[in-house]
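For reference, the structure is listed below as structure tokens.
The values are calculated or read from the model by the stated rules, or taken from the named source; none is laboratory data. Predicted, not measured: the structure shown is a model, and the values here were computed from it. FYI the Cβ positions are ideal-geometry reconstructions off the backbone, even for glycines, and counts take in every protein chain you see. Remember, those area values only see protein heavy atoms, side chains included, never the ligands or the DNA or RNA. Shrake-Rupley method; radii C 1.70, N 1.55, O 1.52, S 1.80 Å.
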Amino acid sequence: MTTAEITRIVKNLARQQSFDRVGVAPSGEVARADYVRDWIARGCAGQMHYLHKNLEMRLNPALLLPGARSVIVTALNYHQPDPAIPDDPPRGRIARYAWGTDYHNVIRQKLRALLNELRKSVLKNFDAKICVDTAPILERHWAMIAGVGWIGKNTMVLHPSLGSYFFLGLIVTTLELEYDPPAQDHCGSCTRCLDACPT
């Protein structure tokens, strides 16, 4: 089975699991690794002490999964209409991404199903690690490198049709796959997100 055939299977399986986007990037050290190390050293992480842990692993998926060759990145849209809210106070607002079942469980289940079907389809042994927002990996970087979306000035991953309302799920694997071109930055000189943000 060729690399192109395996990649097609991966992408078809991702669509079968209702992912809205899927892209593949070559594993390796993050291009801006020195910048990230310096950013951490300067204390820019503030109270996010977890960013100091496993820093080198965050910067290179091969340290997370020995022999890693590819990073599969999936995006799942979570945008949904506002619910009908009764007028009787008090009422609060809950972030849209938190409506419904915990996304960690939803995406992990979909990625597990994708991997199980991939193992049945590919006639070779391979290792893989599922990452859903809790593993030491820079998800947004890999989303950009895999062509899923670009990192906007608001630090969110953006896609022309999905906006920023999507969850990311990754599979780091020892499989060699065909790689997608990185996403192009479409922000240009626009600063609307920065202007609108109170922080």
Practice problem: Per DSSP H run of n ≥ 4, the term is -39500 (n - 2.57); total these for the chain, divide by its residue number, and report the mean residue ellipticity at 222 nm rounded to 500 deg cm²/dmol. | Solution: -9000 deg cm²/dmol
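Normalising by the residue count of the chain, find the relative contact order in percent from Cα pairs under 8 Å and 6+ residues apart.
Rounded, it is 32 percent for the chain.
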Quiz item: What do you get for Rg/Rh over the stretch 90-199 if you use C-alpha atoms and the Kirkwood form of Rh?
Solution: 1.03
Quiz item: Under a 1.4 Å probe, what is the accessible area of the stretch 123-166 per residue, stated in Å²?
Solution: 48 Å²
Practice problem: Work the Kirkwood hydrodynamic radius out for the chain: mean of 1/r over every pair of different alpha-carbon atoms, inverted, in Å. | Solution: 18.3 Å
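Against the empirical 2.2 N^0.38 Å scaling, what ratio does the C-alpha Rg of the stretch 113-157 come to?
1.51
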Practice problem: Enumerate the calculated ³J(HN,Hα) couplings along the stretch 178-195 in order (Karplus 6.51 cos²θ - 1.76 cosθ + 1.60, θ = phi - 60°), each rounded to whole Hz, writing x wherever the residue is Gly or Pro. | Solution: 7, 9, 7, x, x, 5, 8, 6, 10, 6, x, 8, 5, 10, 4, 5, 5, 5
Quiz item: DSSP loop trypsin sites (Lys or Arg not before Pro) in the stretch 22-91 with at most 16 other Cβ atoms within 10 Å of their Cβ, which ones?
Solution: R32, R42, K53, R91
Quiz item: Of all the accessible heavy-atom surface of the chain, with the other protein chains kept in place and a 1.4 Å probe, what percent is carbon and sulfur?
Solution: 51 percent
Exercise. First measure r as the distance between the Cβ atoms of D102 and L194, then evaluate 1/(1 + (r/R0)^6) with R0 = 30 Å and state the FRET efficiency to the nearest 0.05.
Key: 0.50
Self-check item: Residue-by-residue Karplus 3J(HN,Hα) for the stretch 98-105, coefficients 6.51, -1.76, 1.60, Hz, glycine and proline x
Solution: 8, 6, x, 5, 3, 4, 4, 5
Quiz item: L115: net charge of surrounding residues, Cβ under 13 Å, Lys/Arg +1, Asp/Glu -1, itself excluded?
Solution: +4
Practice problem: Take the Cβ-Cβ distance between T134 and E56 as r, set R0 to 22 Å, and report the resulting FRET efficiency rounded to the nearest 0.05. | Solution: 0.80
Quiz item: So which of K53/K153; K110/K153; K11/K53 end up more than 28 Å apart by C-alpha?
Solution: K110/K153; K11/K53
Quiz item: Percentage of Cα-Cα pair distances in the stretch 16-113 greater than 20 Å, rounded to whole percent?
Solution: 62 percent
